[in-house]
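A.B. asks: Below is a structure I'd like to ask you about.
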Amino acid sequence: MAFHGKVAVVTGGGSGMGREAALQLARSGATVAVVDMNEQGMEDTCAQHANITAYRCDVSRLDEVQALVANIEATLGPIDRLTHCAAIMPARRLAESDAGDINKMMAINYGGTVNMVQSVMPGMMQRGRGDIIMFGSMAGDIPALTLGAYCATKAATNSFAEILYQENRDSPLRFLLVCPPMVNTPLIDQAAEHGPASLLQQRDAGKMATPEFIINAVETAIEKGQWVVRPGQAAFLTRWRRWFPGLLWKAIHAAP
């Protein structure tokens with residue numbers, strides 16, 4: 001475990017990669033605050049380790065996030081790590097999407113990242129320590145049919161995280177942008193309703209990464225001092241997009 005502090009905050013801790021991150025941190029001895037809107041999911045996460053406490057918060061609301069950070073630091077102590085996983089991933093063709101739904105996704109996925117980072121970073125800077133781990137996505141670099149709105153939110157997140165690191169690379173804080181490939185989490189269920197059939201086919205065939213694999217890659221990357229990690233096939237597909245965009249689109253359109 002690459003975490004050397006005491007208190008960690010994990011958003012999206014009610015399931016998937018957030019739950020895995022919270023459990024790994026708790027098992028290493030950290031005091032963990034899991035943040036989610038999924039109360040049952042958080043309850044299930046907390047039931048697996050005594051070091052985990054649940055906090056309900058809508059990360060798209062800055063006032064709620066600021067109150068959350070103040071509450072955690074008052075009850076658990078100064079925050080030494082933020083792992084921001086919270087996101088939604090409904091799929092639909094852009095022409096069939098409601099503008100309000102697209103903007104809501106941007107407010108949660110990108111706005112939530114901004115709200116969490118800007119609320120915890122000043123305290124970390126003042127104390128001279130802290131980890132900020134932001135979950136962007138391979139989808140922020142590689143477009144996908146029916147996931148246009150989601151891809152846009154992750155492209156914004158990827159850019160925000162990269163520039164944040166570059167502007168603060170000489171600070172005592174550690175920053176990491178995580179750009180995973182498709183991971184077998186409940187987000188896939190959200191995307192499957194109006195998304196490509198290949199999503200469920202990949203999951204059922206066991207071709208998606210597991211949350212454990214991604215979180216292990218995160219810990220390795222931050223310990224090495226990397227600012228970005230693209231686990232599994234994400235690195236290859238990102239290069240494919242950069243070098244052969246037309247060929248990638250041909251493969252995308254050919255997929256079921």
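A.B. asks: How much net charge surrounds Phe160 when only other residues with a Cβ under 11 Å from its Cβ are counted (Lys, Arg +1; Asp, Glu -1)?
C.D. replies: Once all neighbours under 11 Å are counted, the net charge is -1.
A.B. asks: Another question, if that's okay. Answer with one residue from Ala47, Ala33, Phe175: the one whose Cα lies farthest towards the positive end of the charge dipole of the chain, charges on Cβ with Lys, Arg +1 and Asp, Glu -1.
C.D. replies: Comparing the listed Cα positions along the dipole, Phe175 ranks first.
A.B. asks: Now for a separate question. Sort Tyr165, Tyr110 so that the residue with the fewest other Cβ atoms within 10 Å of its own Cβ comes first and the one with the most comes last.
C.D. replies: Listed from fewest to most nearby Cβ atoms, that is Tyr165, Tyr110.
A.B. asks: Just to be sure I understand: if I project the alpha-carbon convex hull of the stretch 7-254 onto a plane and average over all orientations, what area do I get in nm²?
C.D. replies: One quarter of the hull surface, i.e. the mean projection, equals 13.2 nm².
A.B. asks: Rounded to the nearest 20 debye, what is the charge dipole size of the chain about its Cα centre when +1 sits on each Lys and Arg Cβ and -1 on each Asp and Glu Cβ?
C.D. replies: Dipole about the Cα centre, nearest 20: 800 debye.
A.B. asks: Going highest first, how would you order 53-59, 240-246, 86-92, 29-35 by mean Cβ packing within 10 Å?
C.D. replies: Top of the packing list down: 29-35, 86-92, 53-59, 240-246.
A.B. asks: What's the tally of Lys pairs in the chain whose alpha-carbon atoms lie under 23 angstrom apart, where the two lysines are 8 or more places apart or on different chains?
C.D. replies: For the chain, the number of qualifying lysine pairs is 5.
A.B. asks: Further question on the same structure: When the expected Rg is taken as 2.2 N^0.38 Å, what fraction or multiple of it is the alpha-carbon Rg of the stretch 56-170?
C.D. replies: Working: Rg = 15.3 Å, N = 115, 2.2 N^0.38 = 13.4 Å.
That ratio works out to 1.14.
A.B. asks: Relative to the longest principal axis of the chain, what angle (0 to 90°, nearest 10) does the C-alpha long axis of helix 211-224 take?
C.D. replies: Its long axis makes an angle of about 60 degrees.
A.B. asks: Can I ask one more? At 222 nm, what helix-only mean residue ellipticity would the chain give, in deg cm²/dmol to the nearest 500, using -39500 (n - 2.57) for each DSSP H run of four or more? Spell out each step's value before the answer.
C.D. replies: On the way: 10 runs with 131 residues, N = 256.
That comes out to -16000 deg cm²/dmol.
A.B. asks: Same structure again: Sorting check: for 123-135, 10-22, 173-185, which peptide has the highest mean count of neighbouring beta carbons within 10 Å, and how do the rest follow?
C.D. replies: By packing density, highest mean first, the sequence is 10-22, 173-185, 123-135.
A.B. asks: Provide the net charge surrounding His253, with neighbours chosen by a C-beta distance below 15 Å and charges set as Lys +1, Arg +1, Asp -1, Glu -1.
C.D. replies: Summing Lys/Arg as +1 and Asp/Glu as -1 gives +3.
A.B. asks: While we're on this one: Relative contact order (percent) for the chain, with alpha-carbon contacts under 8 angstrom and 6 or more residues of separation?
C.D. replies: About 19 percent, as a whole number.
A.B. asks: If you line up the long axis of helix 62-75 against the longest principal axis of the chain, both from Cα atoms, how many degrees apart are they, to the nearest 10?
C.D. replies: Helix 62-75 sits roughly 40 degrees off the main axis of the chain.
Since every read-out is calculated from the coordinates, none of them should be taken as a lab result. Keep in mind the model is a prediction, meaning the values are calculated, not measured. Counting neighbours? That spans all protein chains shown, and the Cβs are built from the backbone with ideal geometry, glycine included.
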